[in-house]
1. Between 112, 106, which is loosely packed, with under 13 Cβ neighbours inside 10 Å, under 29 Å from residue 123 (Cβ atoms) and out of contact with any strand residue (DSSP E or B) (no Cβ under 7 Å at 6 or more places or on another chain)?
2. Out of (1) outside any helix (DSSP H, G or I); (2) crowded, with 16+ Cβ neighbours inside 10 Å; (3) in contact (Cβ under 8 Å) with a residue 40 or more places away in the chain, what's the single condition that is false for residue 56?
3. For the subset of region 200-210 comprising residues that are in contact (Cβ under 8 Å) with a residue 40 or more places away in the chain and in contact with a strand residue (DSSP E or B) (Cβ under 7 Å, 6 or more places away or on another chain), which member is farthest from residue 159 (Cα to Cα)?
4. I need a count of the residues in region 125-181 that are without any contact (Cβ under 8 Å) to a residue 40 or more places away in the chain and surrounded by fewer than 12 Cβ atoms within 10 Å (Cβ to Cβ).
5. Could you tell me whether any residue of region 115-122 is surrounded by 15 or more Cβ atoms within 10 Å (Cβ to Cβ), in contact (Cβ under 8 Å) with a residue 60 or more places away in the chain and in a helix (DSSP H, G or I)?
6. Within region 189-199, can you find the residues that are in contact (Cβ under 8 Å) with a residue 24 or more places away in the chain and out of contact with any strand residue (DSSP E or B) (no Cβ under 7 Å at 6 or more places or on another chain)?
7. (1) in contact with a strand residue (DSSP E or B) (Cβ under 7 Å, 6 or more places away or on another chain); (2) in contact (Cβ under 8 Å) with a residue 12 or more places away in the chain; (3) under 27 Å from residue 66 (Cβ atoms); (4) surrounded by fewer than 18 Cβ atoms within 10 Å (Cβ to Cβ): which one isn't true of residue 90, the others all being true?
């Protein structure tokens, strides 16, 4: 299980991030100030650090300088949103920079992108008795192989990586088909219907009225 350290002094935000990343299968640890974070980093190895900049005790810039020699990827999550702030953070060595307020789905996507880049991305999922391997692109339910088309598989992974998040039809389509959404929903809707039938997930893949779909876990 991949380990993520969340360094954020706003407890509501820190706990929101932890709940959502834990639901994705990550092992999350919280630190509400820079000193506690430095102690945890010294004592443990993390696969990724989510780091606020304005922190009590030790700020995010100083922590980043401490972390960089270790090679641990860092994503700044901060209210400091000017172009100059972003340039400074990235030039100091942050792997990504997210400005508050943010959508939790975007945060999860960026976490996954950084972990893929550092070869630490999750390749296996287990949900509702279904096992999915993204490297071999195989799907099994209770030991039985489920044959999915390329787009059905990609759609399944997108739903799983954003579980409990209502995904707009246009975002889903553009993410899976890699082309602009024209407004025609039949292609996406038919793939969702086949996915529900093949996995017996009628109760799990919910239609969200006037929005799109949500994998409810």
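The values are calculated or read from the model by the stated rules, or taken from the named source; none is laboratory data. Fair warning: this is a prediction, and the values are worked out from it, not measured in the lab. Glycine also receives a Cβ, built like all others from the backbone with ideal geometry; neighbour counts cover every protein chain displayed.
1. 106
2. (2)
3. Checking each candidate, the answer is 208.
4. Here the count works out to 12.
5. yes
6. 191, 194, 198
7. (2)
Residues are listed down the side, and each one gets a yes or a no for (1) more than 30 Å from residue 160 (Cβ to Cβ); (2) under 16 Å from the mean Cα position of the chain (by Cα); (3) at pLDDT below 90; (4) assigned to a strand (DSSP E or B):
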residue: 18; (1), (2), (3), (4): no, yes, no, no
residue: 36; (1), (2), (3), (4): yes, no, no, no
residue: 50; (1), (2), (3), (4): no, yes, no, yes
residue: 63; (1), (2), (3), (4): yes, no, no, no
residue: 77; (1), (2), (3), (4): no, yes, no, yes
residue: 84; (1), (2), (3), (4): yes, no, no, no
residue: 90; (1), (2), (3), (4): no, no, no, no
